[in-house]
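Some notes on the structure that comes next.
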Amino acid sequence: MHLQVARKCKFFSKNCLHLDFKESQQGAGKSHKEAQEKDFIKLFSELDSDIPLVCVCGNHDIGNTPTHQSVQNYKATFGDDHFSFWVGGVHCIVLNSQFFKDASQVPDLLEEQDAWLDAELKQTGFQHRIVFQHIPWFLHEADEEDDYFSVDLRVRMRYLDKFKAHGVRTIFSGHYHRNAGGWFGEMEAPVTSAIGAQLGNDSSGMRVVTVTEDEVLHKYYALGDVPTKVDL
Ligand SMILES: [Zn+2]
């Protein structure tokens, strides 16, 4: 995602490397993962230094059932797994959504992120508040049934209510390898397909997000169609 906010502020967000983590724990799989991480870092070091890169932690980064070790490894390579930043008047919150899916091995890390999130949501003075996470809360409808590609309903509603109560405007996610998304009241939750493998009929691509004073606009582009310039 490439977000342009009020004149020149912009950043590029990558959502999970989608390496095959299961095979990546040892032997050839491990060196394969390391090689992919190296490639990623090399490639993105060519990103214009004017454009901050924001990494969002996903299941293939830390495993479907994260452990303290896998989270620690991720942090050592990519930095914090949850954090916030401001771009102009936009309060951006990045979450480690794997904890919402399965925190059985890391209940303390979920608790820590929850406490941190509550403190973040107490901040005021934002024009827009946007959340970034890997796994979507839902794919189409907020009350749809549980799915591998979304957060389970029993956890989902608690957070959606909290976000809504604290003025979150948009929640961006990936993981599904297809474009999808829906609304929860006034809050939009677009799901962005992948730059790599597709599981549906979309083309590999990225979503360009444009934030104006009143709106958070977004559009998915196939790689060949990504605009070289975004007018505000
Ligand atoms: Zn994923």
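Just so it is clear, none of the values below were taken in a lab; they were calculated from the coordinates. The structure presented is a predicted model; accordingly, all values stated were derived computationally and were not measured. Cβ: placed from backbone, ideal geometry, glycine included. Neighbour counts: every protein chain shown.
Go through segment 114-161 and name the trypsin sites (Lys or Arg not before Pro) that are in a DSSP coil and have 15 or fewer other Cβ atoms within 10 Å of their Cβ. Please report the intermediate quantities before stating the final value.
Values: sites: Lys122, Arg129, Arg154, Arg156, Arg158; in loops: Lys122.
When the trypsin sites (Lys or Arg not before Pro) of segment 114-161 are filtered for loop state and at most 15 Cβ neighbours within 10 Å, Lys122 remain.
Considering only DSSP beta bridges with both partners in the chain, what is the antiparallel share in %, to the nearest 5?
Details: 21 of 39 bridges.
Percent antiparallel among DSSP bridges in the chain is about 55.
Counting every Cα pair in segment 112-232, what percent are over 20 Å apart?
47 percent
Taking the Cα centre of each part, how many Å lie between segment 171-192 and segment 120-146?
9 Å
Could you work out the Rg to Rh ratio of segment 36-137, with Rh taken as the Kirkwood radius (inverse of the mean 1/r over all Cα pairs)?
0.99
Suppose every Lys and Arg Cβ carries +1 and every Asp and Glu Cβ carries -1, with no other charges. What dipole size does the chain come out with about its Cα centre, to the nearest 20 debye?
Result for the chain is approximately 500 debye, rounded to the nearest 20.
Which entries in the list Lys122/Lys219; Lys101/Lys162; Lys42/Lys101; Lys30/Lys101; Lys42/Lys75 go over 27 Å, if you measure between the two C-alpha atoms of each? Walk me through the numbers before you get to the answer.
Working: Lys122/Lys219 30 Å; Lys101/Lys162 17 Å; Lys42/Lys101 31 Å; Lys30/Lys101 24 Å; Lys42/Lys75 18 Å.
The pairs that break the limit, which is 27 Å between Cα atoms, are Lys122/Lys219; Lys42/Lys101.
Comparing Asp146, Asp48, Asp81, which has the greatest mean-square fluctuation in the GNM of the chain with Cα pairs linked when under 10 Å apart?
It is Asp48.
Can you give me the orientation-averaged projected area of the convex hull built on the Cα atoms of the chain, in nm²?
Computing the convex hull of the Cα atoms and averaging its projections yields 12.4 nm².
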